[in-house]
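First the structure, in the form of C-alpha cells, and then the observations on it.
The values are calculated or read from the model by the stated rules, or taken from the named source; none is laboratory data. Bear in mind the structure is a predicted one, so any value in this text is a computation, not a measurement. For neighbour counting, all protein chains shown are included, and Cβ atoms are generated from backbone atoms with ideal geometry for every residue, glycine included. SASA here: full protein model, heavy atoms, side chains in, ligands and nucleic acids out. Shrake-Rupley method; radii C 1.70, N 1.55, O 1.52, S 1.80 Å.
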Amino acid sequence: MRVLGLESSCDETAAAVVEDGVRALSDVVASQHEIHARYGGVVPELASRAHILNVVPVVQAALDRAGTTLDAIDGIAVTNAPGLVGALLVGLQTAKAIAWVTGKPLVGVHHLEGHLTAIYLEPDPPPLPHLALIVSGGHTSLVRVNDHADVVELGATRDDAAGEAFDKGAKLLGLGYPGGVVIDRLAKTGDPAAVAFPKAMTAGSTHADFSFSGLKTALLHHVRAHGVPEGQALSDLCASYQAAIVEVLVRKTRRLARRERVAHVQVCGGVAANSALRAALTAAGVEDEFRVYAPTPARCTDNAAMIAAAGYHRLARGERSDLALDAVPSAPLPRRA
Ligand code: KG4
Ligand code: ZN
C-alpha cells in the first residue's frame, strides 16, 4: 500500500510517499527556518503563508522523487492535530482536495503518533510494547506504546517542552532559531560541569512529569549576572545547559522503563536528534538493560514520511476520515489515571 503523507503543523512543509508503512520512496521537507530565524521563534501567520506557497511544489516533488503519480497512490494521510491551526489547515485542505479529486481514502493523523511511527521506517524497529520519550519543540512526553492504536501517556511537561527550552535558551544567548542544533554543536567542545543548572522535579520525586521553565529562568539570571559569554565559555554554558535538560529526560525515562518493566525504549521528536541525549540514553540502557532506538536525525525533526507511516496503520485497519475532518490545535494524548 502506497500512502502519500502531508505535514504542515509547524514550520516545515513536508510530503512523502511511503510503502507499507516501512519504506520511504520519497521524503521532501521544505523548512521555513530562515523565515522565522530573525524572530527567534515561529511566527504563525508567516508559517501559514509559507505553507501555502510551498505545499503544491512539495507534494509534486514527493510524487516525482517516488517515481509515482496520484493514480498509483492508495491513500492520503495528513497531520490534522495538534499544531498551529492556520498551518495545519494548509496541509489538511490540500490533502482533502487530493482525496476529493482522486476518490482515494483520506485519514487524519495526530502529529505525535507520527513521531512515534518514524522509528518503523528504520531497519530494526522496537517490538511492542515499548516506552517512548517524545521530545519536540511543542511536546515532552513519556508514553507507553502498547500497539500502534494504543498509546498511553504516563508523564508530560507541565510548562515548556524540551525543544522550547533549547530554543528559548539559544534565543537568550543570541544563537538564532531553531536553537537545539546550535546548542548541540557548541556543547560538543564545552564542559557540562562548568555551570550548575537546576534539574527540576528529579530529587526525591517519583512522578513522571517534567518542568523546564525554571531552567530557562536560571539561564536568564546567569546571563544577567555574567553577560553572554564568548568562545570556550559559551561552549561551556551550552554544554551545562544541555546537560541539565538531558539529565532530567534520562532520569525520568530510566525510572519509567523500570516501573513499566519494558526492555525497549524509543526516543523521537526533534530533540531526539540531540547527540548528548542519544548517547546518555544509550548508556543508561546499557546499565539498566533496556535497548534504545532513535530514528535517524532527519526523521526526528518534522517530516511527512512519519505521517504517511502512521496513516498506513490507520488505513490498513479500515479507518477513513471524511471531508469534514478538521484541524485541532490542541489534542492531548490519552493519559493514564
Ligand atoms: O519535532 P520537531 O521538528 O517539531 C515539533 O514537533 O515541535 O522539533 C523541533 C525541536 C526544536 O525545538 C529544535 O530546537 C529541536 O527540536 N532540535 C534539537 C536538535 N535538533 C532539533 N534539540 C536539540 N538538539 C538537536 N540536535
Ligand atoms: Zn514534531
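Looking at segment 225-306, I'd like the Rg to Rh ratio, where Rg is from alpha-carbon atoms and Rh is Kirkwood's inverse mean 1/r. Walk me through the numbers before you get to the answer.
On the way: Rg = 15.1 Å, Rh = 14.1 Å.
So for segment 225-306, dividing Rg by the Kirkwood Rh gives 1.07.
What's the whole-number percent of alpha carbon pairs in segment 57-121 lying beyond 18 angstrom?
Details: 906 of 2080 pairs.
Value for segment 57-121 (Cα pairs over 18 Å): 44 percent.
Ratio of Rg to Rh for segment 102-169, alpha carbon only, Kirkwood?
1.05
Calculate I(q)/I(0) for segment 12-62 by the Debye formula, one identical point scatterer on each C-alpha and no solvent, and give its log10 at q = 0.19, 0.21, 0.31 Å⁻¹ to two decimals.
Reported log10 I(q)/I(0), two decimals: -0.65, -0.73, -1.09.
Leaving out ligands and nucleic acids, and using a 1.4 Å probe, what accessible area per residue does the chain come to in Å²?
On the way: 13850 Å² over 337 residues.
Accessible surface, normalised per residue, equals 41 Å².
Tell me the mean residue ellipticity at 222 nm calculated for the chain from its helices only (DSSP H runs of n ≥ 4, each -39500 (n - 2.57), averaged over every residue, nearest 500).
My calculation for the chain gives -13500 deg cm²/dmol from helical runs alone.
Starting from the Cα-Cα distance between Q232 and D288, subtract it from 0.36 nm times their residue separation and give me the gain in nm to one decimal.
Working: separation 56, 0.36 × 56 = 20.16 nm, distance 3.40 nm.
Value of the extension gain: 16.8 nm.
If you build a Gaussian network model of the chain, linking Cα atoms that sit under 10 Å apart, which residue out of L234, L249, L84 swings the most?
The residue that fluctuates most here is L234.
Give the carbon-plus-sulfur fraction of the accessible surface of the chain in %, rounded to a whole number; probe 1.4 Å, heavy atoms of protein chains only.
Values: 7630 of 13850 Å².
Carbon plus sulfur share of accessible area: 55 percent.
Mind ranking 214-227, 317-330, 135-148 by how tightly packed they are, going by the mean number of other C-beta atoms within 10 angstrom, highest first? Write down the numbers at each step before the final one.
Values: 214-227: 14.6, 317-330: 13.0, 135-148: 21.9.
So the order, starting with the most tightly packed, is 135-148, 214-227, 317-330.
Where does the charge balance sit around G311 when Lys and Arg score +1, Asp and Glu -1, over other residues with C-beta under 13 Å from its C-beta?
On the way: positive: R2, K104, R314, R317, R320; negative: E7, E19, D20, D74, E113, E319.
Here the charged neighbours net out to -1.
Pull out the extension gain between S31 and A61, defined as 0.36 nm times the separation in residues minus the alpha carbon to alpha carbon distance; nm, one decimal.
On the way: separation 30, 0.36 × 30 = 10.80 nm, distance 1.43 nm.
Length difference between fully extended and current span is 9.4 nm.
Given the pairs K96/K252; K168/K252; K171/K199, which are separated by over 28 angstrom at their Cα positions? Display every interim value, and only then the final one.
Details: K96/K252 40 Å; K168/K252 22 Å; K171/K199 20 Å.
Too far apart for the 28 Å limit: K96/K252.
What does the convex hull of the Cα atoms of the chain come to per residue, in Å³, rounded to a whole number? Spell out each step's value before the answer.
Details: hull volume 42.7 nm³, N = 337.
With only Cα atoms used, the chain gives 127 Å³ per residue.
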